[in-house]
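Chemist: Encoded as structure tokens, here's the structure I'll be asking about.
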Amino acid sequence: MSEKLMVGVDLGGSKINTVLADAQGNIRARDLIDTIADEGPDAVIGRTVEAIKHVASGVELLGIGVGAAGACDTAHGIVTHSPNLPGWHNIPLRDIIQREFDMPIYLENDATVAALGEYCFGCDPDIENLIYVSVGTGIGGGIIIDGKLYHGTSGSAGEFGHMTIDINGPECPCGNIGCWETLASGTALSREAVRRIREGETTTILDHAGGDIDEVNGESVLAAADGGDRLANELIALTGYYLGVGLVNLVDIFNPQLTLIGGGISNVGALLLAPAIEVVKQRAFKLPADAVRIETARLGTDSTVLGAAALVSKNI
Ligand SMILES: [Zn+2]
């Protein structure tokens, strides 16, 4: 084989991002389509297979890696369930794709595999211990220990979003209360924005949601903050504070060299990260707090898709 090429797929709740990548993480071809998740697993898998065929047309592949927006049994290649992909219960995605493509196929949770993407293609080569945290609608992430993706016993390691941060906190969709993502995600940001708007606060957040309070989300708060809105800035700082509280736990437990914050809410940059870093300095143990750098993730929306491609080269 002349060159090592692989396909990475980011199977998300709203988009399917598929790339053909080389071993250095250079993207040679891309296919970006809507998931249309409401149509169910069969239709979504069909679109995924077509996207892979599209980017890999005429190419000899080493394999295919998939990062899926759901809980994955990586050993068996099964998406066990997903809050973002309706109807996905114990879907043997790896074997289904295998029937179409006779080559090694790997499946992993999207945020977990994003950690691998950042580690392989977004980090300095001296980084061996990395925590990646994705802050979007919820919070997910992945753990790299001594240069290897850490899966845990059942493959579910890195579900940071469900760490208990406030034992009396808000209800989480997972059934627990006070999980990290109920306090430091886009969902938390929009919930607090709606509460404060209903209390009568003056803000432009509503303007960024088309004047409809039911349409207020993390993005509308970010857009308002960008325009200098006082409440939006205050809410992002509060989210950053809670982000920092969770990071204290991760920094104390894992003693990483680098902690990268990705996901849609991380686009706001220092507005979110500065208060988070401040909390880590105040609360974490001195040794791990001194050792860690906390920064915005480098690969943006491609961390999952490149991590999925890297799954192939790491496993072969
Ligand atoms: Zn939870």
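Chemist: For region 131-140, state whether one or more residues are more than 16 Å from the ligand (Cβ to nearest atom) and closer than 21 Å to Gly240 by Cβ.
Modeler: So far as region 131-140 goes, yes, one or more of its residues are more than 16 Å from the ligand (Cβ to nearest atom) and closer than 21 Å to Gly240 by Cβ.
Chemist: Moving on. Here are some conditions: (1) within 30 Å of Arg196 (Cβ to Cβ); (2) in a helix (DSSP H, G or I); (3) among the polar types (S, T, N, Q). Thr304 meets all but one. Which one does it not meet?
Modeler: (1)
Chemist: Another question, then. Those residues that are crowded, with 17+ Cβ neighbours inside 10 Å and in contact with a Lys or Arg (Cβ under 8 Å, 6 or more places away or on another chain), I need them from region 59-106; list them, please.
Modeler: Once the filter is applied, which keeps residues that are crowded, with 17+ Cβ neighbours inside 10 Å and in contact with a Lys or Arg (Cβ under 8 Å, 6 or more places away or on another chain), region 59-106 yields Leu62, Val66, Gly77, Ile78, Ile105, Tyr106.
Chemist: Mind listing whichever residues of region 204-257 are of a type in the set (Phe, Trp, Tyr) and crowded, with 22+ Cβ neighbours inside 10 Å?
Modeler: Tyr242, the sole residue that qualifies.
Chemist: Which one is farthest from the ligand (Cβ to nearest atom), of the residues in region 159-205 that are farther than 18 Å from Asn84 by Cβ, among the charged types (D, E, K, R) and assigned to a loop (DSSP other than H, G, I, E, B)?
Modeler: This residue is Glu201.
Chemist: A follow-up question, please. If a residue counts only when it is over 17 Å from Gly158 (Cα atoms), which strands (runs of 3 or more DSSP E) contained entirely in region 53-99 have at least 1 such residues?
Modeler: The strands (runs of 3 or more DSSP E) meeting that bar are 63-68, 78-81, 89-91.
Chemist: Here are some residues: Leu306, Leu273, Leu250, Leu287. Which one is at pLDDT 95 or above, within 18 Å of the chain's Cα centre (by Cα) and farther than 20 Å from Leu116 by Cβ?
Modeler: Values: Leu306 fails: farther than 20 Å from Leu116 by Cβ; Leu250 fails: farther than 20 Å from Leu116 by Cβ; Leu287 fails: within 18 Å of the chain's Cα centre (by Cα).
Result of the check over Leu306, Leu273, Leu250, Leu287: Leu273.
Chemist: While we're here: Which condition breaks for Ile144 when tested against (1) in a strand (DSSP E or B); (2) closer than 17 Å to Ile265 by Cβ; (3) more than 15 Å from the ligand (Cβ to nearest atom)?
Modeler: Tallying (1) in a strand (DSSP E or B); (2) closer than 17 Å to Ile265 by Cβ; (3) more than 15 Å from the ligand (Cβ to nearest atom), Ile144 fails exactly one: (2).
Chemist: So, one more: Within region 249-282, can you find the residues that are without any contact (Cβ under 8 Å) to a residue 60 or more places away in the chain and not hydrophobic (A, V, I, L, M, F, W, C)?
Modeler: Asp252, Asn267, Gly269, Pro275, Glu278, Lys281, Gln282
Chemist: Please specify each residue of region 215-241 satisfying the condition of being part of a helix (DSSP H, G or I) and in contact with a Ser or Thr (Cβ under 6 Å, 6 or more places away or on another chain).
Modeler: Kept after step one, since they are part of a helix (DSSP H, G or I), are these residues of region 215-241: 215, 218-226, 230-241.
If the condition is that a residue be part of a helix (DSSP H, G or I) and in contact with a Ser or Thr (Cβ under 6 Å, 6 or more places away or on another chain), then Gly218, Ala224, Leu231 are the ones that fit.
Chemist: Can you confirm whether region 143-153 contains a residue that is of a type outside the set (A, V, I, L, M), at pLDDT below 95 and crowded, with 20+ Cβ neighbours inside 10 Å?
Modeler: Within region 143-153 (the criterion being of a type outside the set (A, V, I, L, M), at pLDDT below 95 and crowded, with 20+ Cβ neighbours inside 10 Å), the answer is no, since none of the residues qualifies.
Chemist: Taking only pairs six or more apart or across chains, which ones have beta-carbon atoms under 6 Å, a first residue in region 26-49 that is within 27 Å of Cys120 (Cα to Cα), and a second residue that is loosely packed, with under 13 Cβ neighbours inside 10 Å and at pLDDT below 95?
Modeler: Going by the 6 Å Cβ cut-off, the qualifying pairs are Thr35/Ser14.
The values are calculated or read from the model by the stated rules, or taken from the named source; none is laboratory data. Treat the numbers as computed from the prediction; the structure is a model and nothing was measured. In this analysis, Cβ positions are derived from the backbone assuming ideal geometry, glycine residues included, and neighbour counts consider all displayed protein chains.
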